[in-house]
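Before any comments, here is the structure.
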Amino acid sequence: MKHWLYALLAFVITVPAQAQLTSTANFVRDNYQKTEYKIPMRDGTKLHTTVYVPKDASVTVKYPFMIQRTCYSVAPYGPDTYPAQVGPSGTLMRDKFIFVYQDVRGRWASEGTWTNMTPTVTDQQPVVAAKGKKKVTKPTSITLVDESSDTYDTIEWLLKNIPNNNGRVGQWGISYPGFYTIAGAVAAHPALKASSPQAPISDFFFDDFHHNGAFIQAYLFTYPVFGVQHPQPTTQAWYNNDFINTKSKDGFQWQLDLGPLKNVDKYYKDNFYWQETVNHPNYDEFWQKRSIIPHLKNIRHAMMTVGGWFDAEDLPGPLNIYKTVEKNNPGIYNTLVMGPFGHGRWSHETGHTLHSNVYFGDSIATFYQRNIEAKFFTHFLKGAGDGKTGLPEAYLFNTGRNEWKTFDKWPAANAQSMQFFLASNGKLAQQAGNAYSEFVSDPMKPVPYTEDITTTQGFTPFNYMSEDQRFAGRRPDVLTFQTDVLTDDLTLGGEIMAKLKVSTTGTDADWVVKLIDVYPPDEPNHPYMPNKNITLGNYQQMVRSEVMRGRFRNSFEKPEPFKPGEVTDVNFRLQDVLHTFKKGHRVMIQVQSTWFPLIDRNPQTYVDNIFKADEKDFQKATHRVYDSSVIEVQVLK
Ligand code: PG9
């Protein structure tokens, strides 16, 4: 194409986008009136709430509410300070809603006491008839409150006090705000018409802080929410410092005298949540009462749960919330969207790389925002609201074909179970053998979770979710099983069950299972690999991974040791996938027992509390994976 034509094309494309960005920078100030309120809850606690009302709202031009409740602050605070964007996308901001942001109880400018994953307690109560309730100036008795009741009371107040609203309310939030969204959908106010929990936390024993009871160590290095700020060390630093060999002081495995984690205990002695985590190593009432899953009943408004296939923080959350709402609330409008994104990256119209070297292009997020999210909220908050959105039950991205796929049911109705046996000859076999694979697992020489051990990887490591796994497969303490080269495409859609039959010479062990897409030697550069120096030939791309802390194999509440040498069942679920292994590729499974420093090391000697294991507890062990072990997948035609 002639150069002048390129230049013209670039100008034509850039100007509107530039104008759009410029308008976005001032758009909120020019088009919305910001007011801050302290909204009283039923127990008298006042929550700081910022309301952005479109300037053209009037008795004839009324707008719905779109609420986000957050523990991460509704800043900017103060009059005449405006954010660059309001709402989940530029699209909805320009379509205009009354956007409401609230600091949850006990956070930032709100009153009250905050706790992690507020236990839901008011859904057992008849919803307080807010109409006509006498003004509660101080609790006359113990008034039960939680995120559900705070959302209810907030909506009731907004409807009465913010003029020119159309009486309809939506809510959305990503990650922790995603939890507040799903909690707000429980025992909901009748004016709440549409909720979109996005990357919502469902339960900290399975999301974020733990995976099936194994502790995700990145959370040691905190998080503003937990009032502690500590720079992330690189994985190399973890290996270098005496962490591995440091004799732990008062029992904490990571109690460190040297290296980059020096004095980390200083931060944690007074960090209440940290002490709670350490003192509740099993899935006891402390964690159970904080899970939102048991409360997802009697939901009567539209739901659209959103997640990312490469989300390293909250992948169980969106999938389990969608499935539980579907099971407990037949007949309501309840849909799922899963895109090729890292944590919350669908909300970034540009640059939403997966924090790794797999990248599907900016247009994917824009497509989601304009053709899925905006359609959902506009329909229920401004439109007919009859559920005829034109959107599917499940809008999922196939990460092997790089295309969106729609389903009228998820898990897909036409999924067929298929079993791969872990054969000791390294094959994924179609029938069980009677041998076993064996490896020595040494917690002093743990398998790294990433090849890139010289850089920190964000507050929660992400890149392993799609990283090349060849570095691991070269190790003697990583078992590798794979199919022959595929003669046809193989599409896996749905959850993956690991049904391992294992033994160990120790009395405790972790089991990590990784599903990997093996590219052929001559695979051309993937069109979506921005780091052009990466060729895909023989690339072993992680598709899905999960760890099972073996002590919890029969119960997360009541852990059990292994009996040395006894063949033992360890069954656990890897979260759903939608991925086509193309013809010429292979399906690979890797099995290992350490994943450092992503998860804390299992001492492989059974102790009551791994957080307080001592140096002497960390012992090598010989693990066996028997050929009768199965990886059960769901195949879509
Ligand atoms: N789910 C994310 C998170 C919560 C709490 C601690 C660490 C991570 C998030 O809200 O981003």
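Coordinate-derived values only; no laboratory data. Computed from a predicted structure; not experimentally measured. Every residue, glycine as well, gets a Cβ built from its backbone with ideal geometry; the counts of neighbours run over all protein chains shown.
Taking 0.36 nm per residue of sequence separation and subtracting the Cα-Cα distance, how much length would be gained by fully extending the chain between ARG29 and SER417, in nm to one decimal? The partial results should precede the final answer.
Working: separation 388, 0.36 × 388 = 139.68 nm, distance 5.42 nm.
So the chain would gain 134.3 nm between ARG29 and SER417.
The distance between label points at LYS558 and LYS327 comes to 2.2 nm (points 7 Å beyond Cα on the Cα→Cβ vector). Between the listed residues LEU578, LEU598, THR568, the Cα displaced farthest toward the positive end of the dipole of the range 416-636, a dipole computed from Cβ unit charges relative to the Cα centre, is found at THR568.
A straight chain from GLN288 to VAL59 at 0.36 nm per residue would run longer than the Cα-Cα distance by 77.8 nm. Normalised by 2.2 N^0.38 Å, where N counts its residues, the alpha-carbon radius of gyration of the range 463-513 equals 1.48. Over the range 416-636, one equal point on each Cα, no solvent: what is log10 I(q)/I(0) by the Debye formula at q = 0.14 Å⁻¹? For the range 416-636 at q = 0.14 Å⁻¹, log10 I(q)/I(0) is -0.88. Placing a pseudo-label 7 Å from each Cα along the Cα-to-Cβ vector at ASP95 and ALA384 gives an inter-label distance of 1.6 nm. Computing FRET efficiency as 1/(1 + (r/R0)^6) for ASN434 and PHE471, where r is the C-beta to C-beta distance and R0 is 30 Å, gives about 0.40.
Ranked by the mean number of other Cβ atoms within 10 Å of their residues, highest first, the peptides 170-183, 46-59, 491-504 come out as 170-183, 491-504, 46-59.
In this simple spin-label model, placing a label point 7 Å from the Cα along the Cα-to-Cβ direction at both VAL121 and ASP489 gives a separation of 5.3 nm. Among 401-410, 514-523, 614-623, 591-600, sorting by the average number of other beta carbon atoms lying within 10 angstrom of each residue, highest first, gives 591-600, 514-523, 614-623, 401-410.
For ASN166 and ARG300, what is the calculated FRET efficiency with R₀ set at 22 Å and r taken between the beta-carbons, to the nearest 0.05? The computed FRET efficiency comes out at 0.70. Can you give the extra length, in nm with one decimal, that the chain gains between SER363 and LEU144 once fully stretched, where that is 0.36 nm per residue apart less the Cα-Cα distance? The SER363-LEU144 span can extend by a further 74.3 nm.
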